[in-house]
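The values are calculated or read from the model by the stated rules, or taken from the named source; none is laboratory data. Since the structure is predicted, the reported quantities are computational estimates derived from the model, not experimental observations. A quick note on method: Cβ atoms are made from the backbone with ideal geometry, for glycine too, and the neighbour counts reach across all protein chains shown. Surface accessibility is based on the protein's heavy atoms, side chains included, excluding ligands, DNA and RNA. Shrake-Rupley method; radii C 1.70, N 1.55, O 1.52, S 1.80 Å.
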Amino acid sequence: MIERRTFLKQIAAVTGTIMLPLSNFGASVRDKWGEILPLRTLGKTGEKVTMLGLGGYHIGWTTEKDAQEVIEAALEGGIRFFDTAESYDNGGSETRYGKYLVPKYRDQVIIMTKSTAANGKLAKEHLEGSLKRLKCDYLDLWQVHSISTPDDVDERIQNEVLEIFEKAKSEGKVKHIGFTGHQNPFAHKRMLDKTAKNDIFETIQMPINVIDSHFHSFIKNVLPIAVERNFGILAMKTLSDGRFFKIKKQRDNTPWETEDPLIPNHITVKEALNFVWSLPVSVLITGAENKELILEKIELAREFSKYNESDRMKLIDKVYNKAGNAVEYYKKV
């Protein structure tokens with residue numbers, strides 16, 4: 001109990017110092033395709049992005065029909081930020097965006113993809129492949145993907161990965177660059193430290209959710225630095241890749257099942273997402289393998305009401321004991 005109280009005081013102090021007024025949480029905006037979800041600023045890029053973005057991982061592994069329906073439902077619902085990666089379904093996710101998103105909607109959306117390349121040569125190949133599959137002349141955002149440890153960061157820097165990203169930006173092949181990871185907040189800190197002088201990155205993507213607390217917390221260890229340096233902050237794993245629920249299915253597999261799910265036994269989907277949206281994040285990225293799931297998140301985005309510090313602490317306290325177990329399986333430190 002003492003440990004919990006101490007942690008809650010620490011996290012309250014951290015989130016209190018990083019909270020920013022949501023002045024960029026805009027009124028109704030429309031484009032040629034309809035009403036857009038509320039916009040926030042993507043940090044130092046200055047780009048305006050919808051508060052909800054569509055994750056590309058599910059677009060790769062779900063059926064062709066569902067992938068098309070999800071993309072079209074996202075657009076109709078006001079989403080204008082689309083996430084994918086070269087590694088998702090071996091480029092299949094990018095290919096589907098290139099087929100169902102880009103030809104008709106390119107000028108109205110922000111497209112982000114990522115590269116897991118461990119060296120500069122492979123990063124260059126990944127970029128060329130991504131542009132071809134996406135059928136794009138340029139990317140809005142390209143990110144160094146899935147850094148895992150401080151040593152991994154050092155190796156990618158030594159192997160000239162960052163030079164390729166900088167060159168791609170200078171040549172106009174990408175507008176902005178950033179980095180991602182879900183395993184280890186200290187890998188993020190190493191990248192932030194290593195790039196502090198030239199400050200080449202503009203965005204950062206990491207797990208941000210209500211149980212990202214005392215077990216290797218990205219909120220505690222990374223978010224304050226990212227806010228101070230005006231990074232565009234992309235929140236992922238906001239429902240722990242489906243492990244907030246009783247069961248998670250992917251095709252014919254069941255990678256997760258529990259008798260005591262966070263949702264609905266302890267909190268609701270609305271509370272989980274509002275917790276994240278109430279932090280200084282630019283966009284919450286959510287995956288959906290069918291259109292019903294993305295429509296649910298769109299509706300919650302439209303209903304969003306900011307939680308204050310007391311609201312956030314109550315939610316953290318409810319699920320404090322869930323942190324650090326199999327729900328956060330992606331953390332490997």
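Here are the numbers:
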{"item": "Matching residues, the stretch 194-221, being within 23 Å of D140 (Cβ to Cβ) and more than 13 Å from the chain's Cα centre (by Cα)", "result": "T195, N198, D199, I200, F201, E202"}
{"item": "Near pairs, Cβ below 6 angstrom, 6+ apart or cross-chain, from the stretch 202-214 (open to solvent by 10 Å² or more (accessible area, probe 1.4 Å)) to any residue that is not in a strand (DSSP E or B)", "result": "E202/K44; E202/T45; H214/F7; H214/A323"}
{"item": "Selection from the stretch 177-187 of residues that are within 26 Å of K135 (Cα to Cα) and either in contact (Cβ under 8 Å) with a residue 40 or more places away in the chain or open to solvent by 50 Å² or more (accessible area, probe 1.4 Å) (or both)", "result": "G178, T180"}
{"item": "Criterion: of a type in the set (V, I, T), closer than 23 Å to R4 by Cα and surrounded by fewer than 17 Cβ atoms within 10 Å (Cβ to Cβ) - qualifying residue of T238, T268", "result": "T268"}
{"item": "Pairs where the first residue, in the stretch 157-176, is without any contact (Cβ under 8 Å) to a residue 60 or more places away in the chain and the second is open to solvent by 80 Å² or more (accessible area, probe 1.4 Å), C-beta under 7 Å, 6+ apart", "result": "I157/K194; I164/K124"}
{"item": "Only listed residue being over 20 Å from the mean Cα position of the chain (by Cα), over 25 Å from N290 (Cα atoms) and outside any helix (DSSP H, G or I), chosen from D154, D137", "result": "D137"}
{"item": "Neighbours by Cβ (under 8 Å, 6+ apart or cross-chain): first from the stretch 114-130, in contact (Cβ under 8 Å) with a residue 24 or more places away in the chain; second surrounded by 15 or more Cβ atoms within 10 Å (Cβ to Cβ) and aromatic (F, W, Y)", "result": "K114/W142; S115/W142; A123/F165; L127/W142; S130/W142"}
